[in-house]
1. Give me the pairs: first residue in region 169-180 and more than 15 Å from residue 83 (Cα to Cα), second residue surrounded by fewer than 22 Cβ atoms within 10 Å (Cβ to Cβ) and basic (Lys, Arg), beta-carbon distance under 7 Å, and six or more apart or on different chains, which are they?
2. Taking only region 322-358 into account, find how many residues are polar (S, T, N, Q), over 16 Å from residue 59 (Cα atoms) and touching a residue at least 60 places away in the same chain (Cβ under 8 Å).
3. Across region 217-235, what is the number of residues that are out of contact with any Ser or Thr (no Cβ under 8 Å at 6 or more places or on another chain) and charged (D, E, K, R)?
4. What are the residues in region 269-309 that are assigned to a strand (DSSP E or B) and within 19 Å of the chain's Cα centre (by Cα), if any?
5. Which one of the conditions (1) farther than 21 Å from residue 291 by Cα; (2) surrounded by fewer than 19 Cβ atoms within 10 Å (Cβ to Cβ) does residue 215 fail to meet, given that it meets all the rest?
6. One residue is enough: does region 132-151 have a residue meeting the conditions within 30 Å of residue 231 (Cα to Cα), among the basic types (Lys, Arg) and without any contact (Cβ under 8 Å) to a residue 60 or more places away in the chain?
7. What is the residue count in region 58-73 for residues that are surrounded by 23 or more Cβ atoms within 10 Å (Cβ to Cβ) and touching a Gly at 6+ places or on another chain (Cβ under 9 Å)?
8. Which of the numbered conditions does residue 281 fail, given that it passes all the others? Conditions: (1) in contact with a Ser or Thr (Cβ under 6 Å, 6 or more places away or on another chain); (2) surrounded by fewer than 21 Cβ atoms within 10 Å (Cβ to Cβ).
Amino acid sequence: MDADRRAHIRVQCLRWIDRRSLLFASCAVALAGRCSALASHAQALYAAARRGPDGGHSAAIFTAEGRDVRAVALPGRGHDLTVCPATRRCVVFARRPGNFAVVFSIDRSAEPIAFTTPPDRHFYGHGVFSHDGRFLYATENDFDAGRGVIGIYVANEKFRRIGEFPSHGVGPHDLALLHSASVLVVANGGLREHPDFGDGRRVLNPDAVETSIAYIDLRNGDLIERHELGPARRLSLRHMDVGEGDTVIIGAQVQGPATAGSDLVFRHRREQELMALQLPEPVTSRLSGYISSVAIDSSGGIAAVTSAPGASAVMIDITSGRVLRTVALADVAGVAPSPGRGEFLLTSGTGALGQASASGGIVGEAAASPWAWDNHATELPER
């Protein structure tokens, strides 16, 4: 794809966003005043990608009850969002092997910005801002070379891409910053994929999955440490979050049929071994060999993992590895921390939104919405 073609795609993205956002704006007028008041009272806000009843894709900032505060149309299916800690601007990434990303703000102070990967890269659906909000880092596929890279974008220059460094693995998926240092931790899923094969999601190395967790120095892209599972495990490490003391919780997906006792949730701290949490067999069975998303609560001590195929969310004490609560919700995938200790927002592909608690399961009835929520949900930091 040449530069002219990429520019054309970027323009088409913006035209699509403008056209579709007019529809969202007209639908939101009646709620605008109320939503603004809710936001001003510091009610918890979340962001997620979704599909509407008409099949159109969008990303939204919304309340726990499902009321939109801001919505922007997308030119295709989104996956995850990341939020700038300095400005609260959101970036939503295309689902792999998509190559677009869209930036939007909660206060409508600026028009959405669309940007793309270079022609020989595509996004894996995840990114993270630097602690000061100046740079955006995104997992990308150097598909011709069969290696993972981390793309680097400058936030105050309309997200111009200024370079990349290796992910030190294959198929990088989720990534996060440690709280205490300028260190990036990346889940290299280990799956080789190429957009020229099938829909771009066909796994080209099903018998040799090279999954790993890599810690990378943001100052130079150098590898600090890496931990591998090995192909015999037939697992792909995909999603993660960072909790108290920079403890990382990672969710895995089984490549092939899930077997009894498959390890699906791992815990890691730097300079220690990667440890599988030994979940009770009934819990492992419910997760159906697939962790959709991972989030850690506001206290940093409780993790929640979801499984859309298993219609379950599981809350776990990070220190002990003990399962605190399992809740059932059809097609649940997205999870984000709520303000209270051990509390989480759950989103579902069926349109449901649920508030879950490690001490009490689902709190009240799950709210219904017309949206099919995508794989992830993100909380917005308070000002």
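Read the figures in this text as sums done on the coordinates, not as results from a lab. Quantities reported herein were computed from a predicted structural model and do not represent experimental measurements. For neighbour counting, all protein chains shown are included, and Cβ atoms are generated from backbone atoms with ideal geometry for every residue, glycine included.
1. 170/147; 170/192; 171/192
2. Residues in region 322-358 being polar (S, T, N, Q), over 16 Å from residue 59 (Cα atoms) and touching a residue at least 60 places away in the same chain (Cβ under 8 Å): 2 in total.
3. 3
4. 290, 293, 294, 295, 296, 302, 303, 304, 305, 306, 307
5. The failed condition is (2).
6. Scanning region 132-151, I find at least one residue that is within 30 Å of residue 231 (Cα to Cα), among the basic types (Lys, Arg) and without any contact (Cβ under 8 Å) to a residue 60 or more places away in the chain, so the answer is yes.
7. Qualifying residue count, region 58-73: 2.
8. (1)
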